[in-house]
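Enquirer: Starting off with a structure, shown below.
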Amino acid sequence: MTQSADRRSFVALAGAGLVLALSVTGCSFDFSVGDPEPTAAEPGTGVEPEEAGPLAGSSPGGDEPPPSPRAGGHETPVCSAAQLIAELHEQPSDSEEKVLAVLTLSNRSTADCVLPRGWAPLGQGGGGGPYYAAVEGARDPHPNPGMRITLRPGATAYAGLKWATSPECPSAGGWAVSWQGSWLPAEVSWQDGQRDICPGGFTQGTLQPTPNTVNYS
């Protein structure tokens with residue numbers, strides 16, 4: 001076999017390996033994502049991994065962190081509630097008493113904005129609002145401690161959710177994300193009707209720039 005033929009064989013094998021890797025890491029939901037991948041640009045313009053901090057108080061809905069610097073001295077501001085669309089998508093589960101879901105935050109504006117590292121605090125109640133109460137539970141560094149994300153126009157960030165449910169658990173109204181001092185109502189996609197939360201049974205993962213590893217099992 002010639003050297004040229006060897007190179008063609010290697011490229012074909014590499015392409016097949018990539019298709020296989022994508023097929024086994026795919027998620028059960030299908031979202032339109034606008035440029036969610038980390039970029040190798042100047043510091044602060046893409047995704048910046050940070051060390052894990054305490055679970056309590058480390059969330060985008062809390063105090064606003066310093067903005068992310070951009071080239072030329074410009075700064076990317078933290079996303080405002082007006083720039084974001086929140087959605088909650090139920091995922092398949094192996095138990096009637098365990099709910100799996102994915103929270104998404106999408107940039108609906110025409111400008112870049114920053115999602116700080118951490119969790120997006122959730123609320124329930126009010127039959128869809130405007131009166132919400134915080135959902136109490138565990139903040140899990142899943143699938144990793146989280147990272148600062150620059151959310152470009154049309155792009156989406158993802159977080160895994162799971163909770164225990166049963167017919168005896170209290171019923172709640174709509175869902176919302178607590179963001180910069182206000183409630184951002186979330187559109188919810190249930191697979192077979194509303195799934196209520198049993199007290200103490202809620203866990204949420206950190207916001208991520210891609211959906212590949214956020215699902216709980």
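Enquirer: What pairs can you find where one residue is in the range 73-85 and under 13 Å from TRP183 (Cβ atoms), the other is assigned to a loop (DSSP other than H, G, I, E, B) and polar (S, T, N, Q), and their Cβ atoms are less than 9 Å apart, with a gap of 6+ or different chains?
Expert: ALA81/GLN180; ALA82/SER109; LEU84/SER109
Enquirer: Among the residues of the range 102-116, are any under 16 Å from TRP190 (Cβ atoms) and either part of a helix (DSSP H, G or I) or not hydrophobic (A, V, I, L, M, F, W, C) (or both)?
Expert: Yes, the conditions are met somewhere in the range 102-116.
Enquirer: Continuing with this model, one more query. Of a type in the set (Val, Ile, Thr) and in contact with a Lys or Arg (Cβ under 9 Å, 6 or more places away or on another chain): is that true of THR213 in this structure?
Expert: For THR213, the condition - of a type in the set (Val, Ile, Thr) and in contact with a Lys or Arg (Cβ under 9 Å, 6 or more places away or on another chain) - is not met.
Enquirer: Picking from GLY193, GLY154, GLY123, which residue would you name as being more than 24 Å from ASP94 (Cβ to Cβ) and not in a strand (DSSP E or B)?
Expert: Selected residue: GLY154, the only one of GLY193, GLY154, GLY123 that is more than 24 Å from ASP94 (Cβ to Cβ) and not in a strand (DSSP E or B).
Enquirer: Can you tell me how many residues within the range 72-118 are crowded, with 22+ Cβ neighbours inside 10 Å and hydrophobic (A, V, I, L, M, F, W, C)?
Expert: Total satisfying the criteria: 9.
Enquirer: Starting from residues that are over 26 Å from PRO116 (Cα atoms) and touching a residue at least 40 places away in the same chain (Cβ under 8 Å), keep the ones in the range 175-199 and report whichever is surrounded by the fewest Cβ atoms within 10 Å (Cβ to Cβ).
Expert: PRO199
All of the numbers you see were taken from the coordinates with simple rules; none came from a lab. What you are looking at is a predicted structure, and each value in this text was computed from that prediction instead of being measured. A quick note on method: Cβ atoms are made from the backbone with ideal geometry, for glycine too, and the neighbour counts reach across all protein chains shown.
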